[in-house]
Amino acid sequence: MASPESSIYAAVDLGSNSFHMIVARDTGKEIQLIDRIRDMVRLAGGLDDNNKLSDDAMTVAFQTLERFGQRINEIPSENVRAVGTNTLRKAKNGPAFLARARQALGHPIEIISGIEEARLIYMGVAHTVYNKKDRRLVIDIGGGSTEIIIGKGFETLLAESLYIGSVSVSKRYFDSGEISAKKMRNAKLACHQELETIEAIYREKGWDAAIGTSGTILTINDVLHESGWSENGITRASLERLIDAMVDAGHLNKLKFSTLPDNRKPVFPGGVAVLSAAFEALDIKSMTVSDGALREGLLYDLIGRVHDRDIRDKTVTSLITRYAVDVDHATRIEKTAKTCFAQVQADWKLDRKHDLKMVEWAIRLHEIGLTIAHSHYQKHGAYLLNNSDMPGFSRQTQAELAILVGNHRRKFVLAEIQSLPEENIPGILRLCVILRLAILLHRSRSVDALPDFRLRTEDTRIELTFPENWLNDHPLTGADLETEAGYLSAIGFRLIIR
C-alpha cells in the first residue's frame, strides 16, 4: 500500500529575486495545494561585476533552503523537483553554490535554460487560467530575466527569455534609491533594446489576451488597484500614472503604497520600467494577472513525468524527426540495451526509471550527428545536444545526455566526463558502457536477432559471454569487442569476452 507521502509533491523555484516552494497532493482527480512558502532572497543582488555570488547572498539562500528542506524532508525524493534560474545560470561559482544548496535542501537542484523557464511559466499559467480557444501572451518579470510567451491551451507557440529583470534593472539605474524622469527613461530605453529583437515576430503572431504573472507584476497590479488607476488588471495609461507618481516621489523611501512591501521597494522601479517597456514595444492594451507561474508549471511537469506524460519524450521524438534518425536500427539497439541493463542493474545499483531512460534517449539520438558529417559524428551529435533548446530538460540532464552520445564510440573524451560533479561520474561511465556495448553489437546494422548472451559485472569488471562458437562465426564482432576492451581499459574497466 502506498504511503500518504507518495501522493505529495513539492516544487522549488530558486528565482533571482525570491525563492518559492509549493507543496501539493495529487488526488487522482485534481491537484490540491496544501502549502506555499516564499522568501525574498534577492540572489541576483549578490552577483558582483564578475558574476560571482557573494558569501552573504549565498548564506541567506542556504538558510532559506534549510527551512524549505525541513518542510519536505518526508516527501519521496522522486516527488520533489527544484530548479535554479537566471542568476544561477550566470553565476561563475554556481557549481560550488549548488553543492551546498543541495545539502541544505536535501534534494538535487537543476539549472534550467531561459527557454525552459518560459515553457514552465506558461504551463503554470495555463493550468491556473485554462482557456483552450484563445491565444495568450504571458509575461513574467523575474529578478534577472523576463520571460515572454505566446501559447494556446497547454502548448507554447513562441517563447523568449530576455536579460532584463526587476533586480538587474533596479541595480543598474535606481541603486541609489533616486527615481527621476531621466533614470526611468534610460531604464526603459535599455529594456526596449532587449525587446527590439522580438517585438516584430510577437506582434505578427498576435494574441487574444495578455496575462502577467509572478511577484513584480502582481505587486504592480495591487498598487494600481489601490491607487484607483485601474479597476481590472493593468493598462498602459495606468502604468504611465504610476511612473509619474514614482518620479514625483523622487525616492524609494517616499513611495507610500500600502500594497508595496518594504522588501520589494528596492526592485520595484526596475520592474515597472520593464513592464512599461513591454507594453510599448508589444503594443499591449491591457493585461490581467495570474497566480500561476514557474513553480506551478514545475509541479504539473513533475506530476506528468510520474504519470508517464514526460515532455522530454516528446522533445526526443521531435529531434528524431528533425535529424532523420534510423528508427528501426535504434529500436533494435534499444532492445539489446534493455537486456544489458537488466543484467547489470543490481550490481551497478542503477535506477530503472532515470538511468534506463537516459540510455534509451541516448540510443535514439546517437546518430543525429550524421546530418553534419560521418567523420566524428558522435562529437557533432554531442554538440547539437549541448546547444539545442530541449523542452523539459535541465542543463545538467542535457549535458549528461550529450556526454553519452559523444562517448558512444571510439576514445572517451575524459575532460567532458570529468567536468561533471564527482558523484555523478561513476554512474555516467556505467551508462556509457551499456550504451557502447549495445551499439557495438549492432554495428553491422543487420536485422538478424542477436543470440542470448550473458552480461555480468562486478564493480569495474565486465564479463560478456556468448553461446559456444558464436564469436567464431562472427569474427568482426569479436574484433570490435577486443578493440572496445582497449577503450574501456582507459577508463578503468576490464572487459572479458567469452
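The values are calculated or read from the model by the stated rules, or taken from the named source; none is laboratory data. Remember, predicted model here, so these are calculated numbers, not experimental data. Cβ atoms come from the backbone with ideal geometry, glycine included; neighbour counts cover every protein chain shown.
Filter the stretch 10-47 down to the residues that are of a type in the set (S, T, N, Q) and within 21 Å of the chain's Cα centre (by Cα) and list them by number.
Here is the first cut: in the stretch 10-47, the residues of a type in the set (S, T, N, Q) are 16-18, 27, 32.
Residues satisfying the conditions are SER16, ASN17, SER18.
Does the stretch 157-176 contain at least one residue that is in contact (Cβ under 8 Å) with a residue 60 or more places away in the chain, in contact with a Pro (Cβ under 9 Å, 6 or more places away or on another chain), more than 18 Å from THR288 (Cα to Cα) and aromatic (Phe, Trp, Tyr)? Checking the stretch 157-176: at least one residue is in contact (Cβ under 8 Å) with a residue 60 or more places away in the chain, in contact with a Pro (Cβ under 9 Å, 6 or more places away or on another chain), more than 18 Å from THR288 (Cα to Cα) and aromatic (Phe, Trp, Tyr).
If you take just the helices (runs of 4 or more DSSP H) that sit entirely in the stretch 301-391, which of them hold at least 2 residues that are over 27 Å from the mean Cα position of the chain (by Cα) and of a type outside the set (Ser, Thr, Tyr)? It would help to see each step written out before you state the result.
Details: elements: 311-322, 327-348, 355-365, 377-386.
Per the criteria, 327-348.
Among the residues of the stretch 352-378, those identified as among the acidic types (Asp, Glu) and touching a Lys or Arg at 6+ places or on another chain (Cβ under 9 Å) are ASP355, GLU360.
If you go through the stretch 39-65 and pick out every residue that is without any contact (Cβ under 8 Å) to a residue 24 or more places away in the chain and charged (D, E, K, R), you end up with 4.
Condition check ((1) within 14 Å of the chain's Cα centre (by Cα); (2) modelled with pLDDT of 95 or more) across all residues:
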| residue | (1), (2) |
| --- | --- |
| ARG81 | yes, yes |
| ASN86 | yes, no |
| PHE97 | no, yes |
| ILE109 | yes, yes |
| ILE112 | yes, yes |
| ARG119 | yes, yes |
| TYR122 | yes, yes |
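What residue, among those in the stretch 418-448 that are modelled with pLDDT under 95 and part of a helix (DSSP H, G or I), is nearest to THR336 (Cα to Cα)? Checked the stretch 418-448; the qualifying residue nearest to THR336 (Cα to Cα) is ASN424. Of the residues making up the stretch 6-65, those that are among the aromatic types (Phe, Trp, Tyr) and surrounded by 23 or more Cβ atoms within 10 Å (Cβ to Cβ) are TYR9, PHE19.
Can you pull out every residue in the stretch 400-417 that is outside any loop (DSSP other than H, G, I, E, B) and either surrounded by fewer than 20 Cβ atoms within 10 Å (Cβ to Cβ) or at pLDDT below 95 (or both)? Break it down into steps so the answer makes sense when it comes.
Step one: list which residues in the stretch 400-417 are outside any loop (DSSP other than H, G, I, E, B), which gives 400-406, 414-417.
Result: LEU414, ALA415, GLU416, ILE417.
Looking only at the stretch 196-246, residues that are part of a helix (DSSP H, G or I) and among the hydrophobic types (A, V, I, L, M, F, W, C) come to 13 in all. Please go through the stretch 382-412 and pick out each residue that is without any contact (Cβ under 8 Å) to a residue 12 or more places away in the chain and hydrophobic (A, V, I, L, M, F, W, C). If the condition is that a residue be without any contact (Cβ under 8 Å) to a residue 12 or more places away in the chain and hydrophobic (A, V, I, L, M, F, W, C), then no residue fits. The set of residues in the stretch 162-198 that are surrounded by 18 or more Cβ atoms within 10 Å (Cβ to Cβ) and on the phi > 0 side of the Ramachandran plot is empty. For the stretch 277-300, taking the residues that are assigned to a helix (DSSP H, G or I) and under 15 Å from the mean Cα position of the chain (by Cα), the one that is surrounded by the fewest Cβ atoms within 10 Å (Cβ to Cβ) is identified as TYR300.
Yes/no per residue for (1) among the hydrophobic types (A, V, I, L, M, F, W, C); (2) over 29 Å from the mean Cα position of the chain (by Cα); (3) more than 15 Å from GLU484 (Cα to Cα):
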{"position": "GLU423", "(1), (2), (3)": "no, no, yes"}
{"position": "LEU429", "(1), (2), (3)": "yes, no, no"}
{"position": "VAL433", "(1), (2), (3)": "yes, no, no"}
{"position": "ARG445", "(1), (2), (3)": "no, yes, yes"}
{"position": "LEU450", "(1), (2), (3)": "yes, yes, yes"}
{"position": "ASP459", "(1), (2), (3)": "no, yes, yes"}
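Within this structure, ALA104 passes the test of being small (Gly, Ala, Ser) and either crowded, with 17+ Cβ neighbours inside 10 Å or within 22 Å of GLU160 (Cα to Cα) (or both).
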